[in-house]
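Let me begin by presenting the structure, written as structure tokens, before commenting on it.
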Amino acid sequence: MSQPYPELLAPLSLGFTVLKNRVLMGSMHTGLEDRKADYPKLAAYFAERARGGVGLIVTGGIAPNLAGWLAPFAGKLTGRHELARHRLVTDAVHAEGGKIAMQILHAGRYGYHPLCVGPSAVKSPISPFKPRALSSRGVGRQIDAFVRCASLAQEAGYDGVELMGSEGYLINQFLVEHVNRRDDEWGGSFENRARFALEVARRVRETVGPEFIIIFRISVLDLIDTGSDWNEVVKLALGLEQAGVSLLNCGIGWHEARVPTIATRVPRAAFGFATQALKDAVSLPVVATNRINTPEVANELIASGAADLVSMARPFLADSQFVAKAAANRANRINTCIACNQACLDHIFSRQAATCLVNPRAGRETELNWSLAATPRRIAVVGAGPAGLAAASVAAERGHKVTLFDAQDGIGGQFNIAKQIPGKEEFHETLRYFEHRLDDVGVIRQLGRAVNATELADHFDHVVIATGIRPRVLNIPGFDSDAVLSYLDVLRDRKPVGERVAIIGAGGIGFDTAEFLLGDGTGEQPPQSVPAFLAQWGIDATLQARGALVSAQPVTARRDITLLQRKSTAVGRGLGKTTGWIHRSNLKQHGVAMLSGVEYERFDHNGLHITVRGEPRLIAVDNVVVCAGQESNDELAAELVASLGDARVHRIGGALLAGELDAKRAIREGTELGAILA
């Protein structure tokens, strides 16, 4: 039998060392890098990925000095007293046969602290602190810090370093006129602006010697006004090649760019065209990045000549065994990253440790584990949504005899709604994963029928109630009309919706319903094509525009939609920290009106009557769709407690706490419960 994914799994020689495959686990901050006490957890996290077969791991960003901190007390490597904690990581990875590079990240003006510096005193829109402009001597000190940090990383046992030169961090800041306003030898002409990056690379190579991996994370698409043009990107890449860099890892977009680059709305491998262009210009191995989450996509990028390696970060949060499963031709068992950002980047930007919505063990490898149950039990799980699927699969893996009940004919619950939303097609992958996992661990499925409390009490030792939620009904005059629908009427039951729509409730469900209705509103739509995505967000695939940024093409809306909320705060404020702006921007591009501070008066043949900050208004609509909260489906639990007692009845997910739909909490609660049932 031939090897699956032959290009992806082929070794790559760097001359002085060989990577066992073309898979690079890309840098991603976990929050565990920031405290000495968390390094045993970090070591376990990386060791599990090395055991899973990754060719080369890159750590989260480590600052080379205090000025380079991402935030106060963030991870750094500045002295030999810090080596011991890093050796925990390198020893753990090497014990599993892996290789690991440490990313050196100087935040520059992105530093969220008063010590931040930059090439010029230009404040970042994502930090309240204005950077101090570096003097010429100060520039030299920053270069010295990179070199010292790389030397210490080598002493700590790392196989290499990655120099973070993209996403708008310090090295990238020197490269562009957008923030480099200097008129000395570090600013002005491109040759001067590139000097910082090239000097860092040259001096790091000089210090670490020839047999140490140096990756340079190069910004191939800045996606900002006055960003680098393509000729400058190529000149920099050729200069880095001369400076002794081993690999070029492609970075896409600054953090302040108003273009999605990694969220699920981005089509898979959407930026492969830029990686291909760079690969054609240099002889160094080039790494493709961003929205690559399956071995098929990764293998095709390499097979087509668009890249030499593929970097994936979040996919290894979702499944540490990604490479091993691909190599064993079991890709259908991979727990695929859905690019939601809810438990990884949203956590990091909220000062929480990163984990994963579909894999809550990520980052908790020393805490959330399970073994075979001492006494196998008969366990019923009622509800085959995210919470129930997680609980059933973990409990069955531990040896319990698990029966999964659901009134619907298939598994998935609310995921079957989510997967229809444009930009959330990846939820199909989560359901595919659970379909196979239930089979692998022997869960008995009883789908398409309801189950009662008596039956459950008579036949099971434990009952897990994961029956989710139901939409809350609003008591407003006229809302008994057939023209007033719930979001389930629209998303699940596909009831017809007119051309003029008011959506009540601007949380995640309200935004999802609006996204759905911007399509034809009759069912699942094919994922947005790469060309359509690039056109909508103004990304220049020809690479002629500076920063690869052009005017976005206008989009056509199928419906006239108004999104309403009672709260007086900005509409969409409660959405994901790193993705909410994308949803808001997309709706605005489609002409969706958004109103806050709304009181609902009545609905009649004229439309929806509301009051906004004391002013009466009429919205002429064909339909109103209610997305205004949920209630728990917990009646079955109450019946069971009366006969079985609290110790044998367990509520999780929406059945435990109704509110905005929360798959992250549901899967975590299901996993944690499945791990302890006894």
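Readers should treat all values here as calculations from the given coordinates under stated rules, not as data from a laboratory. Worth saying up front: this structure is predicted, and the values here are computed from it rather than measured. Positions of Cβ are backbone-derived with ideal geometry, glycine not excepted, and every protein chain shown enters the neighbour counts.
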tail above 29 Å in the computed P(r) of the stretch 12-337, as % of all Cα-Cα pairs, reads 32
For the stretch 343-482, inverting the pair-averaged 1/r of distinct alpha-carbon atoms gives a Kirkwood value in Å of 17.1
For residue 76, counting only lysines whose alpha-carbon sits under 16 Å away and dropping same-chain residues fewer than eight positions off, the answer is 36
Computed over all unlike Cα pairs, the Kirkwood hydrodynamic radius of the stretch 20-162 in Å stands at 15.6
The lysines whose Cα lies under 19 Å from the Cα of residue 279, excluding any fewer than 8 residues away in the same chain, are 235
Taking Cα atoms only, helix 39-51 is inclined relative to the longest principal axis of the chain by an angle, in degrees rounded to 10, of 90
Here the averaged projected area of the chain, based on the convex hull of its alpha-carbon atoms and given in nm², is 31.0
Toy charge model, Lys and Arg Cβ at +1, Asp and Glu Cβ at -1: the stretch 12-337 dipole around Cα centroid in debye, rounded to 20, equals 740
Counting only DSSP beta bridges with both partners in the stretch 12-337, the antiparallel fraction in percent, to the nearest 5, comes to 5
By the mean-Cβ-within-10 Å protection proxy, highest first, 254-263, 639-648 rank as 254-263, 639-648
Cβ density ranking, 10 Å radius, fewest first, applied to 562, 513 yields 562, 513
Semi-axes (Å, rounded, descending) of the ellipsoid equivalent to the stretch 205-306 per its C-alpha gyration tensor are 23, 18, 12
Taking 221-227, 99-105 and ranking on average Cβ neighbours within 10 Å, highest first, one gets 99-105, 221-227
Assertion target for 631, 672, ordered by fewest C-beta neighbours within 10 angstrom first, is 631, 672
Taking 133-141, 457-465 and ranking on average Cβ neighbours within 10 Å, highest first, one gets 457-465, 133-141
With 0.36 nm assigned to each residue of separation and the Cα-Cα distance removed, residue 282 to residue 81 gains 68.4 nm
Measuring from the longest principal axis of the C-alpha atoms of the chain, the long axis of helix 580-589 (C-alpha) lies at a number of degrees, nearest 10, equal to 80
To the nearest 20 debye, the stretch 191-237 has a Cα-centred charge dipole, built from +1 on Lys and Arg Cβ and -1 on Asp and Glu Cβ, of 200
For the pair residue 529 and residue 577, the simple spin-label estimate (label points 7 Å beyond Cα toward Cβ) gives in nm 3.8
Residues of the stretch 168-212 with backbone N under 18 Å of the label point set 7 Å from the Cα of residue 231 along Cα→Cβ are 175-178, 188-195
Listed by chain and number, the aspartates and glutamates with an alpha carbon less than 16 angstrom from that of residue 567, same-chain partners under 8 positions apart left out, are 599, 601, 615, 660
When the charge dipole of the stretch 490-585 is computed with +1 at the Cβ of Lys and Arg and -1 at the Cβ of Asp and Glu, the Cα pointing farthest to the positive end, of 554, 536, 507, is that of 507
Expressed to one decimal in nm², the mean projection of the alpha carbon convex hull of the stretch 391-440 is 3.7
Note on the chain, DSSP bridge orientation, antiparallel percent to nearest 5 equals 20
Check: C-alpha center the stretch 1-39 vs C-alpha center the stretch 400-428, spacing in Å is 32
